[in-house]
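K.L.:
Below is one structure. I have some questions about it.
Read the figures in this text as sums done on the coordinates, not as results from a lab. In this text the structure is predicted, and so the values were computed from the model without any measurement. Note: ideal-geometry Cβ built from the backbone for every residue, glycine included; neighbour counts use all protein chains shown.
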Amino acid sequence: MAISTIFTDALVFVWDFFLTLTNIITPNLKAGHVVPSGHAGAAGNWPEYVPPGENDSRSACPMLNAMANHGILPHDGKNISFKLMNETVRSTYNFAPSFCYFVPNYIAGILKKDYSKDTFDLAEISVHNGIEHDASLTREDIFHEPDQGKPHVPFIEELLGSASGKDSKAEGSVLLTSDDLARYSAKRRTEAKARNPEFSLSKFHKTFGSSNSATLLRIFGGRVSDLRPFLIEERIPEGWEPSVQSRFGLTIAAFNFTVLPLESSTEKYVKQLTKESSNIQETSRVENYGATGVTETNIGSTNA
């Protein structure tokens, strides 16, 4: 890693730390005023949703795709500046300015582009093991589906169907919980590893995957009624606003208080599923021996 990159990242994290402290000591934004006045989505009024056309560019990221579908980013998903991504993600989802600089700058680095001068198409950021990774909650692995701009609806429905939380503010409303997401993430990792002969998931991408899961909790509050159109149609529901009301948005530091425990729980469930799978295989092996009248003992005797 270049010294300049390390220095830049260090400055961003210091900036983020001070924003985190500032959020603690300043009052939150009022409900209905999270999206700034004059920006798309202010007071819950989102631009018209238009599904992507055949030649439009889309990515593995539902958040960016939704912004393009509403015209907050160019609808064709092409020639987007990293600075525009920074500004619009900030106003749309209330991530902190430090967060909104760090992620586009990281993506620019992956694509070997200049954050300040270059542009990108949404499909470009689906480069494998960049921000795209195996065992996604909303996409088939790239081994099975090269077009990562397409949501895989069965995964999404299974995820939303696993929601176990209840919304105290809206009777009958169901919420995804951190435990729901950890369990389903573990299931996806286990199944993807078994089905994909080219499966890979580094520690970094495991944590990045948990960051994506944490976004569903922190930005959307886990509310299934909002997540269904967002994840399946990549459409922002009318009247929606981010759950995060911190005055300077969701910082990297604050976000990690959700991400890291979620990742720890996910890995715990992965180990549990792996152990259960091993036990089932062992039981099946023993039963097969018994069904044929063959045991490990008499195999040894026969060979002798």
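K.L.:
Helix by helix, which DSSP H runs in the chain go 27 Å or more along their axis at the Cα atoms and have an average Kyte-Doolittle hydropathy of 0.0 or more?
P.N.:
Going by DSSP H runs, the hits are 3-25.
K.L.:
Give the residue list of trypsin sites (Lys or Arg not before Pro) in region 108-199 that are DSSP loop and have at most 13 other beta-carbon atoms within 10 angstrom.
P.N.:
Of the trypsin sites (Lys or Arg not before Pro), the ones in loops of region 108-199 whose Cβ has at most 13 other Cβ atoms within 10 Å are K112, K117, K169.
K.L.:
So how far, in whole Å, is the C-alpha centre of region 102-116 from the one of region 207-268?
P.N.:
22 Å
K.L.:
Also, quick follow-up: Could you work out the local net charge near E132, counting Lys and Arg as +1, Asp and Glu as -1, over the other residues with Cβ closer than 13 Å to its Cβ?
P.N.:
-3
K.L.:
Structure shown: which of K166/K206; K150/K271; K78/K271; K30/K271 lie over 32 Å apart, alpha-carbon to alpha-carbon?
P.N.:
Violating the 32 Å Cα-Cα cut-off are K78/K271; K30/K271.
K.L.:
From the square roots a ≥ b ≥ c of the eigenvalues of the alpha-carbon gyration tensor of region 3-281, which class results: rounded (a/c under 1.5), prolate (a/b over b/c), or oblate?
P.N.:
Taking the square roots of the gyration eigenvalues as a ≥ b ≥ c, region 3-281 is rounded.
K.L.:
Right, something else. Could you line up H152, H133, H39 from fewest to most neighbouring Cβ atoms inside 10 Å?
P.N.:
So the residues, fewest neighbours to most, are H39, H152, H133.
K.L.:
In a shell of Cβ-Cβ distance under 14 Å around Y269, excluding Y269 itself, what net charge do Lys and Arg (+1) and Asp and Glu (-1) give?
P.N.:
+3
K.L.:
What percent does the relative contact order of region 55-173 come to when contacts are Cα pairs within less than 8 Å and at least six residues apart?
P.N.:
Relative contact order for region 55-173 comes out at 26 percent.
K.L.:
Something else now. Net charge near L231: determine it from the other residues with C-beta under 13 Å of the C-beta of L231, scoring Lys and Arg +1 and Asp and Glu -1.
P.N.:
Around L231, the surrounding residues sum to 0.
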